[in-house]
Amino acid sequence: MVKIHHLFLLCFCLLASFQSITVFYTSPHDYLKNHDMTKTRKGKTEQLLRVDDHDFTMRPAFGGPAIPVGVDVQVESLDSISEVDMDFTMTLYLRHYWKDERLSFPSITNKSMTFDGRLVKKIWVPDVFFVHSKRSFIHDTTTDNIMLRVFPDGHVLYSMRITVTAMCNMDFSRFPLDSQTCSLELESYAYTDEDLMLYWKNGNESLKTDEKISLSQFLIQKFHTTSRLAFYSSTGWYNRLYINFTLHRHIFFFLLQTYFPATLMVMLSWVSFWIDRRAVPARVSLGITTVLTMSTIITGVNASMPRVSYIKAVDIYLWVSFVFVFLSVLEYAAVNYLTTVQERKERKLREKFPCTCGIPNTKTMMLDGTYSESDANSLAGYTRSQIVIEEEKQDKMVVHLAMSNESNSSRKRGLKGHVGLRIIQNTHAIDKYSRIIFPGTYIFFNLIYWSVFC
C-alpha cells in the first residue's frame, strides 16, 4: 500500500513539472522582443558595453595608426552677422563618426543602442573644438542636447546641438556694395594627424543647411566645405575642417538710409544758386543746414562700422557729397565778396563822375530789379528818347533821366502803356555758371561711382 502511495506521488510530480515547462517556455525571439533589458542585472549599460573593463582615457587603437573620425554638420540657423565685432553666430548640429571596438557588444538583432550625455563622460570621444571661436555652448533645454548611438560592431555616432560665435575677417573696402566670405573651422585640440584623422564623412554632402535660413541684410549665396592641414610650431600638424559660406549684402537699406538722403542734401544746396544774392540770411542758413545734415549722416554711418584704417566705398560717396555741399557755401561767399567789391567801385565812380551823359538837368537812378510801383511811376514823365541806359558788367543798369520843363501830366500820358525799361535780374555770373557746373559734375561722379562699385 505504501509503494502504491509513493508511486502515485511520483507520477503527480512528473505531471506538474511537465505542465510548468509547457506553460513557461517561450522562443528565443519572443524573449528578446519582450524582455526588458533594464530589469536584468546582466543588462546594465556599463556591463553590456564593458565600460569598466577598459581605459577610455586613451584613444581607440592607441599606439597604432591614426583613428579616422568622420564629421558632418547640419546648419540650423545663421543668427547674426556683426560688422562692428567682425563675427557671426551660428547654430548647428555637429556629428562625429568613429569606431571603438571596446564598445562592441553582442546582439542578435544587430540594433544600435542610443544614450544621452551621461555616458559621454565615461568613454572616449573626439576633442573637436572651433578655431577662432569667441563663444560657444551646448544647448541644455530641457536636458543636454547630446546623443550617443553605439552599434554592435563598435561604431559610434556622437551628436551635439551647438551655438557658436566665431571670428570672420571682413573687408569693408566696398561697403555697402560688398560680399563677405566667412569660415567656421573645426580641429582636434590634442591629437595630431598621426593620432586622429579628421575628415568630412560624405565630402561636400556632409554639410546640410535649412532652406529657410535668411538674414535681413545679407543674401546667403552658398555653403561649401574644405579641409587642409594646419601647422603649429610647438605641437605639429593637425587636420582642420572648414565650413565656408558667402554673404552678399542687400543694398536697398543703405540706398534709403544713406545714399538718397545724401543726394537730396546735395541737390538742396544747389537751390541757393537761384536765390537773390542780396538775400544773405536765406542763402547762408541753407548752406549751413545742408553742411550740418551731411555731417550727421557721415557720423551715423561710421557709428555702426568698425574703425578701419582704409577708405570704404560709402565714405567716398559721402565725403564727395559733403565737398559739393561745402563748395556751394564757399560759392556764395565768393559771390557776396565780389558783389561788395563791385558796388564799392561803382560808388567811387559815381562820386568822381556825377554826370557823364552830356544832357542838362539829368538825374541818375540805380535799378536792381526790385522796385516798387512808386518807383515806376516816377519814370512816367519821361519819354523813351530821354532815357539813356548804361549797362554794367555785373548785370546792373544805370539809368540817366533827362529833366525838362514839360508838365508832369503830359509826360505821364506819353509813357502810359509802355514803360520801355528792360530791367535785368540781379544775378551774378558765378551763380549762372554754378547752376550748370555743380549738377553736371555731380552726375558725372555718380556715373563713375556706380559703374566701378556695382
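The values are calculated or read from the model by the stated rules, or taken from the named source; none is laboratory data. What you see is a predicted model, and the numbers here were worked out from it, not measured in a lab. Cβ placement follows ideal geometry from the backbone for every residue including glycine, while neighbour counts extend to all protein chains displayed. These accessible areas exclude ligands, DNA and RNA; they are computed on the full protein's heavy atoms, side chains included. Shrake-Rupley method; radii C 1.70, N 1.55, O 1.52, S 1.80 Å.
Quick notes
- With DNA, RNA and ligands ignored, accessible area of Val51 (1.4 Å probe; Å², nearest 10): 10
- The largest accessible area among Met267, Met147, Met170 belongs to the first residue in Met267, Met147, Met170, and the rest follow in falling order (1.4 Å probe, all chains).
- Expressed as a whole percent, the accessible surface of region 220-272 that belongs to carbon and sulfur atoms is 66, based on a 1.4 Å probe.
- Net +/- balance of residues flanking Ser104 in space, Cβ distance below 14 Å, scoring K and R +1, D and E -1: +1
- Cα pair distances exceeding 20 angstrom across region 157-302, given as percent: 67
- Amide H contacts of Asp100 (H built 1.01 Å from N, under 5 Å, at least 5 apart or other chain): His155, Val156
- Neighbours of Arg249 by Cβ distance under 14 Å: Lys/Arg scored +1, Asp/Glu scored -1, total -1.
- Relative frequency of Cα-Cα separations exceeding 18 Å in region 221-293, percent: 67
- Taking all protein chains together and rolling a 1.4 Å probe, Ile275 ends up with roughly 50 Å² accessible.
- For region 42-148, applying the loop criterion from DSSP together with a ceiling of 16 other beta carbons within 10 Å to the chymotrypsin sites (Phe, Trp or Tyr not before Pro) yields Phe56, Phe62.
- Note on region 206-265: dipole from Cβ charges, positive end direction compared against Asn244, Tyr259, Ser233; the farthest Cα belongs to Ser233.
- Other-chain or far-sequence residues with amide H under 5 Å of Val131's (modelled H): Glu185, Leu186, Glu187
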